[in-house]
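Have a look at the structure below, then the notes.
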Amino acid sequence: MSTAVITPTPTARPRRLESLLRARELGIALAIIVVFGLTTLNNHAFAHASSIQQLLTGAALIALLGVGETMVIVTRNVDLSVGSVVGLSAYIVGDLFKHHHQMPVVAGFAVAIGLGAAIGAINGLVTTVARVPSLVVTLAMLYIVRGIDGVIVNGTTIDPGSIPQAFITFGYRSLLGIPWLAIIVAVVVAAAGYAMRSFRWGRDLYAIGSNPDAAALAGIPSGRRVFTAFLVSGALAGLAGALFLAIHAQVDVTGGIGYELSVIAAVVVGGVAIFGGSGTVLGAALGALLLNTINQALVATKISSFWNEAIAGALLLAAIAFDRWLSLRVARNLRSAEGAHRDL
Amino acid sequence: MNQHLTDERDADERDPAPVLVLEHATKRFGEVRALEDGSITLYPGEAHALLGENGAGKSTLVKILAGVHGADSGQLLIDGEPVAFNGPTASRAAGISVIYQEPTLFPDLTVAENIFMGRQPLRAGRRIDRASMNRRANELFARLGVQLDPDRIARGLSVADQQIAEIAKALSFNARVLVMDEPTAALTTVEVERLFEVIRALRTQGAAVLFISHRLEEAFASCQRVTVMRDGRFTRSALIEDVTVDDIIRSMVGRDLDAMFPKTATVPGEVVLDVAHLCREGVFDDISFEVRRGEIVALAGLVGAGRSEVARAIFGIDKRTSGRVRIRGLELPNGRPLAAMKAGVALVPEDRRQQGLVMDLSIDQNVALASLGRLRRFGLIRRSKERELAMTWAARLQLKFARMRNAVSTLSGGNQQKVVLGKWLARSPSLLIIDEPTRGIDVGTKAEVHRLLDGLVAEGLAVLMISSELPEVLGMADRVLVLREGRITAEFTRAEADENSIMRAATGQNPAAAA
């Protein structure tokens with residue numbers, strides 16, 4: 001019935017868009033440098049080694065949680081339970097040290113990671129087997145874990161005296177001027193980033209978030225992959241709990257409260273699409289560093305730190321607006337290209 | 001083995017052993033019997049057309065072959081051995097590769113990754129070898145004779161390029177059975193031709209191709225055998241040289257198609273729509289015409305000629321730069337769709353899923369959507385009135401639905417179009433502007449929509465129809481206006497209009513070159 005008369009020439013392919021997307025990490029890195037530079041002009045102490053160490057240490061936990069959160073969000077899910085897992089894991093490890101003073105440091109980390117992984121496994125199972133939206137599952141888990149934490153803590157505090165020195169020094173020791181914490185997180189970020197780019201299961205995570213139906217058609221074991229993402233997120237939250245204890249040398253029932261939202265903010269500012277499919281752990285880590293740099297910059301320039309949250313919010317909106325603008329542009333290109341391809 | 005086939009199996013002795021046989025497959029989804037007797041036999045080195053109306057069960061049959069659905073009963077044989085697929089991977093492992101109707105791409109991943117998802121070439125340490133993956137993607141594109149950057153992300157690809165990526169993916173499996181569910185819908189003629197070359201090449205290598213298309217001429221041009229389905233059942237299978245297009249259409253719809261374009265003779269009444277020197281800068285210029293009571297005026301032309309844009313400007317969605325629009329002598333204000341609606345204009349848009357319907361709302365709510373003002377009491381919408389209105393129109397339009405409360409997305413394309421029609425007709429308009437009235441609708445429902453339009457016009461409605469299907473334009477319109485590059489280049493009466501003259505006016509080319 002339809003006979004083509006004119007064959008349109010193929011439209012120019014929008015390559016620039018892609019490079020824009022890829023430059024997201026670069027943009028955040030630039031923003032960090034700009035904030036750092038401006039603050040240093042105002043307060044020269046900001047560029048001191050100890051201040052920079054503080055920047056890295058302060059961002060480390062959120063960046064570490066950001067790795068797991070990125071894995072989960074990329075699959076079009078979300079893990080809201082990480083903050084309470086940090087709190088519970090920190091307290092339990094501290095409590096173990098308090099009662100078993102001779103326990104090796106490694107055992108403390110192992111318990112923390114195991115505890116987090118167990119909670120992550122429950123999140124993953126309920127999400128994939130019972131097919132409950134992860135937003136609900138992990139929100140429930142956030143409350144459950146926080147509740148259990150409250151019961152166990154029962155108003156007490158783990159104080160520095162009950163934790164072995166070897167464990168605490170982990171929080172502030174540094175190697176060649178770089179805090180151990182930052183090194184650990186950098187290794188995790190590098191490993192996770194490389195894996196998500198270079199292994200099939202890593203690409204599967206992106207595929208699941210990008211188009212779940214197509215992922216099923218491609219024979220990707222979506223359930224297993226999503227479960228794994230929650231498992232990793234939980235395990236990293238457990239590890240972050242142990243590191244939390246090492247940094248602060250004390251913990252009470254408030255440990256890790258609100259971390260889940262800081263993590264999601266960092267991840268989204270770092271260019272991870274909230275509806276899955278794209279983003280990198282490097283971006284998420286840089287997002288955490290940017291938010292912490294702004295936070296510290298406000299302190300250094302003696303601007304009220306209440307501005308901190310407002311700025312974080314504004315950055316979040318800017319990140320989302322940028323993504324939206326990108327996708328609208330793509331949609332427009334698509335429409336014009338489609339029109340050119342149709343026949344009479 | 002297949003009793004259905006026996007009557008047309010006289011050419012049996014020259015057939016090699018079939019590579020795939022599906023016998024009496026059935027599939028139900030809840031109460032809906034999607035497939036009652038899915039049977040097909042594919043031979044190596046042969047392209048096989050599967051034809052049938054929308055809803056005939058073709059897609060369900062494809063999904064059974066793809067391992068997406070398991071058949072409730074029936075048997076699938078590969079090389080004579082019965083097999084059962086527990087998922088798409090099993091089907092693929094058996095050498096079946098499927099190109100689905102809707103592209104199944106990952107928008108955030110690169111084209112090459114889309115092709116090799118889950119099977120990416122690896123290097124040491126089980127790491128993905130991107131260089132080799134991109135190289136292999138380029139080899140596939142070379143085989144298809146197309147250029148596509150394997151390293152760009154799929155988001156933003158044109159529909160045709162998406163389809164090409166899908167075809168490349170299917171080719172990459174080196175499948176023995178290649179199933180294509182309407183692969184040509186979004187392709188240009190040149191691309192379709194290239195696709196047929198690829199199909200020919202695959203056939204000579206011994207692959208079996210199952211080709212599903214609405215375009216009968218394509219099936220006849222590129223396939224050796226044809227199977228027809230109707231209402232979820234196998235109807236007939238034959239060698240293509242043994243049948244004619246008319247035979248096939250009759251088997252598809254189970255009735256004669258003389259009634260495809262019903263036309264009641266009417267005498268046009270007074271002018272309803274009067275457009276004078278309508279212009280929208282850079283889109284169309286100096287458009288003047290009238291539509292009278294009881295006539296259908298068709299706007300023909302190539303895509304991009306400005307037909308839909310003229311309609312949008314009349315309705316007021318887009319502002320006009322100059323000119324005027326009158327409805328029954330009353331001038332419409334510029335850029336005010338509500339005023340146009342009040343004046344009695346209804347617009348059934350081209351893209352009903354995006355612009356015509358709220359897909360998640362129920363059928364009755366969709367029908368009532370444009371008439372809510374009449375259904376209110378104290379500012380609240382009365383559900384009972386809503387339903388009453390919907391029932392009236394469902395009956396008049398012969399809507400086929402399970403329950404009024406179901407989401408409109410559960411309906412077939414043709415019935416969705418009826419809902420859009422009902423929504424606007426419920427306002428008793430004096431002018432109906434309808435853009436591509438039967439795009440993506442199966443043959444049977446198409447005829448129903450045509451009959452409906454004809455009936456409405458006989459009752460005195462004025463219709464401005466935009467259509468890219470020449471048979472529809474010729475069969476339905478009382479007058480044909482041809483647009484080319486934003487200007488009216490010709491006007492034909494029903495008697496004058498023919499395919500050639502419209503094409504010539506639409507393209508401004510020599511008609512011989514246009515064919």
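Which residues, counting only those in segment B:97-107, are at the interface with chain A (Cβ under 8 Å from one of its Cβ atoms) and surrounded by fewer than 22 Cβ atoms within 10 Å (Cβ to Cβ)?
B:TYR100, B:THR104, B:PRO107
Kindly check whether there is at least one residue in segment A:289-296 that is of a type in the set (A, V, I, L, M), at pLDDT below 80 and surrounded by 16 or more Cβ atoms within 10 Å (Cβ to Cβ).
Taking every residue of segment A:289-296 in turn, none turns out to be of a type in the set (A, V, I, L, M), at pLDDT below 80 and surrounded by 16 or more Cβ atoms within 10 Å (Cβ to Cβ).
Which one of these does B:ARG176 not meet: (1) of a type outside the set (A, V, I, L, M, F, W, C); (2) surrounded by 19 or more Cβ atoms within 10 Å (Cβ to Cβ); (3) under 28 Å from B:ALA17 (Cα atoms); (4) within 14 Å of chain A (Cβ to nearest Cβ)?
Status for B:ARG176: all satisfied but (4).
So in segment A:127-180, with the set limited to residues that are in contact with a Ser or Thr (Cβ under 6 Å, 6 or more places away or on another chain) and modelled with pLDDT of 90 or more, which one is surrounded by the most Cβ atoms within 10 Å (Cβ to Cβ)?
So, considering only residues that are in contact with a Ser or Thr (Cβ under 6 Å, 6 or more places away or on another chain) and modelled with pLDDT of 90 or more, the one surrounded by the most Cβ atoms within 10 Å (Cβ to Cβ) is A:THR138.
Of the residues that make up segment B:198-212, is at least one under 24 Å from B:THR445 (Cα atoms) and touching a residue at least 12 places away in the same chain (Cβ under 8 Å)?
Yes, there is a match, as at least one residue in segment B:198-212 is under 24 Å from B:THR445 (Cα atoms) and touching a residue at least 12 places away in the same chain (Cβ under 8 Å).
Of B:GLY80, B:GLY95, B:GLY67, which residue is assigned by TED's automatic domain parsing to the domain that holds B:VAL228, touching a Ser or Thr at 6+ places or on another chain (Cβ under 8 Å) and at pLDDT 85 or above?
One residue alone meets the criteria, B:GLY67.
Which fully enclosed helices (runs of 4 or more DSSP H) of segment A:120-207 have 3 or more residues being farther than 30 Å from A:GLU25 by Cα?
A:134-153, A:165-169
Scan segment B:451-484 residue by residue and report those that are outside any helix (DSSP H, G or I) and either without any contact (Cβ under 8 Å) to a residue 40 or more places away in the chain or more than 20 Å from B:GLU436 (Cβ to Cβ) (or both).
Correct list: B:GLU459, B:GLY460, B:GLU469.
Please verify whether segment B:116-138 includes one or more residues that are within 29 Å of the chain's Cα centre (by Cα) and within 11 Å of chain A (Cβ to nearest Cβ).
Within segment B:116-138 (the criterion being within 29 Å of the chain's Cα centre (by Cα) and within 11 Å of chain A (Cβ to nearest Cβ)), the answer is yes, since at least one residue qualifies.
Looking at (1) at pLDDT 90 or above; (2) in contact with a helix residue (DSSP H, G or I) (Cβ under 8 Å, 6 or more places away or on another chain); (3) over 19 Å from A:ILE220 (Cα atoms), which is the one condition that is false for B:ASN114?
That leaves (3) as the condition not met.
Suppose we keep only residues that are away from chain B (no Cβ under 13 Å) and of a type in the set (A, V, I, L, M, F, W, C) within segment A:192-234. Which one would you say is surrounded by the fewest Cβ atoms within 10 Å (Cβ to Cβ)?
Among residues in segment A:192-234 that are away from chain B (no Cβ under 13 Å) and of a type in the set (A, V, I, L, M, F, W, C), the one surrounded by the fewest Cβ atoms within 10 Å (Cβ to Cβ) is A:PHE227.
Conditions: (1) over 27 Å from B:THR410 (Cβ atoms); (2) surrounded by fewer than 16 Cβ atoms within 10 Å (Cβ to Cβ); (3) of a type outside the set (D, E, K, R). B:SER384 meets all but one. Number of the miss?
The single condition B:SER384 does not satisfy is (1).
Would a scan of segment A:26-35 turn up a residue that is touching a Ser or Thr at 6+ places or on another chain (Cβ under 6 Å) and more than 30 Å from A:VAL126 (Cα to Cα)?
Yes: one or more hits.
Answer with yes or no whether B:ALA56 is farther than 28 Å from A:GLY209 by Cα and part of a loop (DSSP other than H, G, I, E, B).
Criteria met by B:ALA56.
Going by the structure shown, is B:GLY38 of a type outside the set (Asp, Glu) and either within 14 Å of another protein chain (Cβ to nearest Cβ) or under 28 Å from B:ARG250 (Cβ atoms) (or both)?
Criteria met by B:GLY38.
The values are calculated or read from the model by the stated rules, or taken from the named source; none is laboratory data. This one's a predicted model, so the numbers in the text were calculated from it and none came from an experiment. Because the Cβ atoms are built from the backbone with ideal geometry, glycine has one as well, and the counts that use them run over all protein chains shown.
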